[in-house]
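Enquirer: Handing you a structure now.
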Amino acid sequence: MSAKENKVHAFVRVKPTANFPEDMIKYGPDNKSIDIYIRRDIKKGVVNNKQTDWSFKLDGVLHNASQDSVYDAVARDLVSQALNGYNGTIMCYGQTGAGKTYTMTGATESYKHRGIIPRAIQQVFRAVEERIDQSITVRMSYLEIYNETLFDLLSTMPHDMSGDTHMAVVEYPQGVFVKGLSIYPASHEEDALNLLFEGETNRIIGEHTLNKNSSRSHCIFTIYIESHSRILSDAKYTASKMNLVDLAGSERVGKTGGETAIQSWWQISMVKLLR
């Protein structure tokens with residue numbers, strides 16, 4: 001991989017609104033920067049020289065972007081690299097109600113509204129069909145972190161809110177793993193999508209003032225890929241994985257009525273890591 005590819009990429013997806021605050025948010029002409037301005041109260045003046053404007057450099061600003069264009073900009077190259085043996089991660093971060101789960105998982109009522117995860121699954125299995133000279137094994141896991149407790153969303157056991165799932169984060173020389181997390185094989189795209197939808201039904205949600213069906217947890221859907229040549233008898237196995245992360249909403253407690261909050265300064269940002 002080139003030095004340009006082997007870095008963290010940051011994108012901002014701005015949620016469409018009926019009245020977009022054009023006087024407060026400005027995009028650069030190349031859609032790779034964004035400036036934010038806070039309206040000043042002339043009567044109050046500026047207190048303690050408080051900062052009222054910010055400027056950020058990014059890899060891309062996605063405004064009024066379709067699910068297709070978001071996937072092309074953020075995920076397509078990462079999935080291609082994963083199929084070639086590189087690990088990758090996409091994290092979606094932002095305030096509750098900003099559309100993180102829509103970006104990552106999407107909606108089921110329309111094919112074009114699918115999010116990054118089902119699109120990544122489709123890309124992986126299309127590559128499996130095309131690479132007839134390779135034997136490729138695909139597996140999935142779905143982990144939820146709620147109140148610092150781990151839950152296996154694909155476990156055959158009932159969803160246990162007590163957290164007694166015998167899972168723990170452990171570190172080996174090969175890397176960090178979640179002990180006790182189930183990993184399921186998927187032979188076809190339909191199998192993988194069924195695993196995704198099964199996990200979605202087990203996610204913890206909680207209503208509050210910003211979002212009636214808000215996810216109150218961090219969720220990590222991981223696709224594991226192992227491949228080797230069908231032609232070369234001494235070919236080595238190549239293994240990689242993609243972590244597709246939908247983080248819990250980050251905002252002040254006073255706005256949501258929730259118990260867990262992280263001060264947010266952004267509406268939605270997606271970070272792509274390759275290593």
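Enquirer: Using beta carbons and a limit of 6 Å, which pairs, at least six apart or on different chains, have the first residue in segment 42-69 and within 20 Å of Lys112 (Cβ to Cβ) and the second one modelled with pLDDT of 90 or more and aliphatic (A, V, I, L, M)?
Expert: Filtered contacts from segment 42-69: Leu62/Val70.
Enquirer: Quick one: how many residues across segment 166-206 are at pLDDT 90 or above, loosely packed, with under 12 Cβ neighbours inside 10 Å and of a type in the set (S, T, N, Q)?
Expert: Final tally of qualifying residues: 1.
Enquirer: Any residue in segment 13-24 that is part of a loop (DSSP other than H, G, I, E, B) sitting within a Cβ distance under 9 Å of a residue that is of a type in the set (A, V, I, L, M, F, W, C)? List the pairs, counting only those 6 or more apart or interchain.
Expert: Lys15/Ala98; Lys15/Ile268; Phe20/Val14; Met24/Ile36; Met24/Ile38
Enquirer: Would you mention how many residues in segment 96-154 are surrounded by fewer than 20 Cβ atoms within 10 Å (Cβ to Cβ), over 29 Å from Ser233 (Cβ atoms) and β-branched (Val, Ile, Thr)?
Expert: 3
The values are calculated or read from the model by the stated rules, or taken from the named source; none is laboratory data. Here the structure is a predicted model, which means the values were calculated and not measured. Glycine also receives a Cβ, built like all others from the backbone with ideal geometry; neighbour counts cover every protein chain displayed.
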